[in-house]
Amino acid sequence: MAIQKRSDDPAVQHSRKSLVMGLGLELGLDATVGPGKTPDAEALGVGGATSKTDAVRSKGFLKTLHVWTGLTRVLGSSQPMKPRIWRFDNANSLYYALIDEIASAVRPILDSSRSPMMALPTGNTMIPFYRLAVESEERLGIRDWTCFNLDEYHPLPSGDTPYSFRSYLEQHFYSRLIHPPRHRMELDGTAPDPKEECARYEHEIRTRGGIDLALLGIGTNGHIAFNEPGSAFDSRTRLVHLHPDTLLANFKGAPPVTSALTLGIGTLLEARKIVIVAMGKSKSQAVRSAISDPIHPSVPASALQNHPDVTWMLDQESSDRL
Ligand code: GLP
């Protein structure tokens, strides 16, 4: 199923109540889940305590609940932390779980009266997420967020550019909120001096205390934000040339622009928490290389193996090579 179609899936329109019940089932919160029943989400190789085979064999209450509640962090304390990897049977479950994941990440920050520093992505994968986030704006405390766009095309003409990431976030997120976030930071695609603009952005991130949560998608070639294959793992926010695969995926016809400003991989790895979402078969090779193959600059997302708090949220198709 094409990603765009998923975002239009009528099932996404289901009531919150029925979906929350569905989510409870997939997380093993319903004691009736057990051998022979298939929860919507499985944990794959999480924290070293669960192998793929184990997870598939044992889909019962305890295993699923333990993984979700982060028990493996305790078990794995003497080892570098491995990512949490979640696979969902359907898009609804994934997006609602994503909302829950973000809600639990921002809650303690909001409770301490600090503004959660969020790095936000674009892409088709994220459209349903933004729709649900708007519905949950109060619970997520969005009005108190400080938002940083992950990337932006450059150079952009002045004025509104429909394909810009600024327009994407405006259309799918900010304009739909009753109380938009207090602080919105954007990489300015019209900036005459990209180097200066990137330094300004890095400065904003640093002086505001660093990113709390970076929400990422992944490109078919394994890019994160606009860090294309070959990007240095210690790269900072900078001007990059886009890979032909990326241009093909992002523009139907001739690309109006072939370069962009992006948070660097080094900048992203400094985020305290990273959540990365992949949907669809076209992402399965990138997901596999990023998670299961050795870390290598030819797959920028493999750099996430070096981060202590990464959650992968995958559908069946994007995870079918794991
Ligand atoms: C773009 C963005 C990325 C995004 C990726 C995936 O190139 N720069 O941040 O993760 O595309 O997009 P999609 O969800 O449309 O596949």
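Just a few scattered comments:
- Cα shape, the stretch 121-228, gyration tensor, a/c 1.5 rule: rounded
- Modelled label reach - Asp193, point 7 Å along Cα→Cβ, the stretch 140-162 residues with backbone N closer than 19 Å: 154-156
- Entry for the stretch 200-267 at q = 0.14, 0.19, 0.21 Å⁻¹: log10 I(q)/I(0) = -0.46, -0.78, -0.91, Debye formula applied to identical alpha-carbon scatterers, no solvent contribution.
- Between Arg182 and Gln285, the modelled labels are 4.7 nm apart [label points 7 Å from Cα along Cα→Cβ].
- Whether the stretch 208-322 is rounded, prolate or oblate, judged on the alpha carbon gyration tensor where a/c under 1.5 counts as rounded: oblate
- Probe 1.4 Å, protein heavy atoms only - accessible area per residue of the stretch 161-306 in square angstrom: 44 Å²
- Cross-link table Lys82/Lys283; Lys195/Lys283; Lys252/Lys283, entries beyond 25 Å C-alpha to C-alpha: Lys195/Lys283
- Rounded to whole Hz, the Karplus (6.51, -1.76, 1.60) HN-Hα couplings of the stretch 181-189, x for glycine and proline: x, 4, 10, 10, 10, 10, 6, 8, x
- When you filter the trypsin sites (Lys or Arg not before Pro) in the stretch 260-292 for DSSP loop state and at most 16 other Cβ atoms inside 10 Å of their Cβ, you are left with Arg272.
- The stretch between Arg143 and Arg206 holds 20.6 nm of extra length on full extension. This uses 0.36 nm per residue minus the Cα-Cα distance.
- Inter-label distance, nm, simple model (7 Å from Cα along the C-beta direction), Ile295/Asp160: 4.3 nm
- Inter-site label distance for Phe251 and Arg107 at 7 Å from Cα along Cβ, in nm: 4.4 nm
The values are calculated or read from the model by the stated rules, or taken from the named source; none is laboratory data. These numbers were taken from a predicted model, which means no experiment stands behind them. Note that each Cβ is placed from the backbone with ideal geometry, even for glycine, and that neighbours are counted across all protein chains shown. When the accessible area is computed, the model is the full protein with side chains, heavy atoms only, and any ligands, DNA or RNA have been set aside. Shrake-Rupley method; radii C 1.70, N 1.55, O 1.52, S 1.80 Å.
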